[in-house]
1. Could you give every pair whose Cβ atoms fall below 8 Å, whose first residue belongs to the range 56-70 and is over 8 Å from Leu27 (Cα atoms), and whose second residue is aliphatic (A, V, I, L, M) and surrounded by fewer than 19 Cβ atoms within 10 Å (Cβ to Cβ), counting only separations of at least 6 or pairs across chains?
2. Looking at Ala109, Ala75, which is the one that is in contact with a Leu (Cβ under 8 Å, 6 or more places away or on another chain), crowded, with 22+ Cβ neighbours inside 10 Å and modelled with pLDDT under 95?
3. Can you confirm whether the range 129-149 contains a residue that is surrounded by fewer than 15 Cβ atoms within 10 Å (Cβ to Cβ) and closer than 22 Å to Val249 by Cβ?
4. Is one or more of the residues making up the range 198-205 in contact with a Gly (Cβ under 7 Å, 6 or more places away or on another chain), more than 25 Å from Gly90 (Cα to Cα), surrounded by fewer than 18 Cβ atoms within 10 Å (Cβ to Cβ) and of a type outside the set (S, T, N, Q)?
5. For Ile55, which of the numbered conditions (1) surrounded by 23 or more Cβ atoms within 10 Å (Cβ to Cβ); (2) modelled with pLDDT of 95 or more; (3) part of a strand (DSSP E or B) fails to hold?
6. What tally of residues in the range 125-172 results from selecting those that are among the aliphatic types (A, V, I, L, M) and not in a helix (DSSP H, G or I)?
7. Report the residue count in the range 80-103 for those that are within 19 Å of Pro51 (Cα to Cα) and surrounded by fewer than 22 Cβ atoms within 10 Å (Cβ to Cβ).
8. Out of all the residues in the range 71-109, which are part of a helix (DSSP H, G or I) and in contact (Cβ under 8 Å) with a residue 12 or more places away in the chain?
Amino acid sequence: MKVRATCVLVAAALWGRAADLAPSGTLRATFLGNNPTQGRVDAKTGAITGPIADITRELARRLGVPFQITPAPNARSVLDAVTGHTADIGFLAFDATRAAEVGFSQPYALGWNSYLVRADSPIRSVADIDRTGVRVGAVKGDSGELYLSRMLQQAQLNSIAGLTVDAAQKMLAASEIDAFAANRQRLVEAAARLPGVRVLPDNFFAVEQSIAIDQGDPARLEALNRLIDDLRTSGFLQSVMERAQLAGVEVAPARR
């Protein structure tokens, strides 16, 4: 009975904010189209699946409006879509620098980040990374790159705009970098198809996957937070993650 009552209250709150959450009458969402921890885009049909698709669909259902999901090429594009009001919600990892531009919900998932290295690399764990002479490649602007830019003390961080896993593998093979930082799901997929590389067994950072909205409306943000609480309590988020079969991604714990 308690869970059902909570669902009713959350639904009522979201219905009351429908005009604010979807002012055009359609809930417009955007996400990192190349980030499998968020969602996947079918190359042939354009169909979008994964956690962000399930969450957007459920939010739209509760609001009683249709929805539209648009993949974005990078984090900057997600931020610009939200602040420019071409998207109502953006799925993006929380980072303090991004929070200066948009409002973030509580996280709905944690996505672990690790490193891809050459198969013959002496680097065996994350503890071996932050040492003099180690060169780390990362996608400029990604949450992992932002984190490493603050945390690495001795290793050299090479932040490269638009760096792909395939390009990173070539840089590893040419000894231009010693490790490539990215989310574990992306690295596991790469190691399965690219020669001469492996993923470290541990992680350096848990990315908080959240929903970004335009700043300036605490009530709207709280409505999203209550939705995430409800989706967690009901088991919806757990079923979403299990269906997506993602490596190194788990439901974020409840707020304390």
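1. The qualifying pairs are Arg62/Ala11; Leu63/Ala18; Gly64/Ala18.
2. Exactly one residue qualifies, and that residue is Ala75.
3. no
4. no
5. Condition (3) is where Ile55 drops out.
6. So the answer is 11.
7. Going through the range 80-103 one residue at a time, the tally reaches 1.
8. If the condition is that a residue be part of a helix (DSSP H, G or I) and in contact (Cβ under 8 Å) with a residue 12 or more places away in the chain, then Ala75, Arg76, Ser77, Val78, Leu79, Ala81, Val82, Thr83, Arg98 are the ones that fit.
The values are calculated or read from the model by the stated rules, or taken from the named source; none is laboratory data. Computed from a prediction, not measured in an experiment: that's the story for all the values here. Here the Cβ is made from the backbone with ideal geometry for all residues, glycine too, and neighbour counts use every protein chain on show.
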